[in-house]
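All remarks here apply to the structure that follows.
The values are calculated or read from the model by the stated rules, or taken from the named source; none is laboratory data. These numbers were taken from a predicted model, which means no experiment stands behind them. Virtual Cβ from ideal backbone geometry, glycine too; neighbours counted across all protein chains shown. In case anyone asks, the SASA skips ligands and DNA or RNA and just uses the protein heavy atoms, side chains included. Shrake-Rupley method; radii C 1.70, N 1.55, O 1.52, S 1.80 Å.
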Amino acid sequence: GTAELKHGRVCMLAVLGYIAPETYRFGYDIAPGVSTYDIPNGVAAIDYIPALGWAQIIFFIGAVDYWGVLGDFDFGKPDLGDKEEERKLQELQHGRLAMLAFLELLRHDSQNLVKPGFDGLDTLITGFPFLYN
C-alpha cells in the first residue's frame, strides 16, 4: 500500500545516508564549534546532535508528512508507457529490501557500539576496503 511505499522510499534514502558518511564528509559546522568531521557515524552520532538540531529534524519531518511539502511534481517524471506497472513493482520490492537493509545496518552498528569489534572488523563496509583509503 501507500504506507509501505512511503516507508520503502524513506529506507532507501536512509541506507544511503547511513553508508555515505562512512566514505565522505562535507566538512561544515552543523552548530558553532561542531564540525561534521567530529561526529561519529551511525548510532553513535545520536549523542552529538545538539537539542536544537533534533528539534529542526523533527519539525521538518512533521511538516513534510503533514503538509506534503515535497509533494507530487510533474517535472522530471519519465514517460514509462507500458512499463509503468513493472517499475512500480520494482520500486516496491526495492523499498522492501531497503527496509531490511536499514534494520540490519542499525542492528550491526548498535551491536558494534555496545561491543566494539564484535565481528573482528574495523569498518561498517567490509567488502570494499578501497573506500577507506
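Per residue, the chain exposes 78 Å² of accessible surface when a 1.4 Å probe is rolled over the protein heavy atoms with every protein chain present. Based on C-alpha pairs under 8 angstrom that are at least 6 apart in sequence, the chain has a relative contact order of 45 percent. When all protein chains stay in place and ligands, DNA and RNA are ignored, the 1.4 Å accessible-area order of LYS88, LYS115, largest first, is LYS115, LYS88. Averaging the Cα positions of each part gives two centres, and for the stretch 95-132 and the stretch 29-67 these lie 21 Å apart. At an R0 of 35 angstrom, the distance between the Cβ atoms of ALA51 and THR23 translates into a FRET efficiency of 0.75. Computed over every Cα-Cα pair of the chain and binned at 10 Å starting from 0, the pair-distance distribution P(r) comes out as 10, 29, 35, 21, 5, 0 percent. Using the rule -39500 (n - 2.57) for each DSSP H run of four or more residues, divided by the residues of the chain, the 222 nm mean residue ellipticity is -18500 deg cm²/dmol. Residue by residue, the stretch 77-88 carries 3J(HN,Hα) couplings of 7, x, 8, 8, x, 7, 8, 4, 5, 5, 5, 5 Hz when phi is fed to the Karplus relation 6.51 cos²θ - 1.76 cosθ + 1.60 (θ = phi - 60°); x denotes Gly or Pro.
Ranked from largest to smallest solvent-accessible area, with a 1.4 Å probe on the protein heavy atoms, LEU92, LEU52 come out as LEU52, LEU92.
A 1.4 Å probe, protein heavy atoms only, puts the accessible area of PHE130 near 130 Å². Per-residue 3J(HN,Hα) values for the stretch 45-54, derived from phi via the Karplus relation 6.51 cos²θ - 1.76 cosθ + 1.60 with θ = phi - 60°, read 6, 4, 6, 8, 7, x, 4, 5, x, 5 Hz in sequence order (x marks Gly and Pro).
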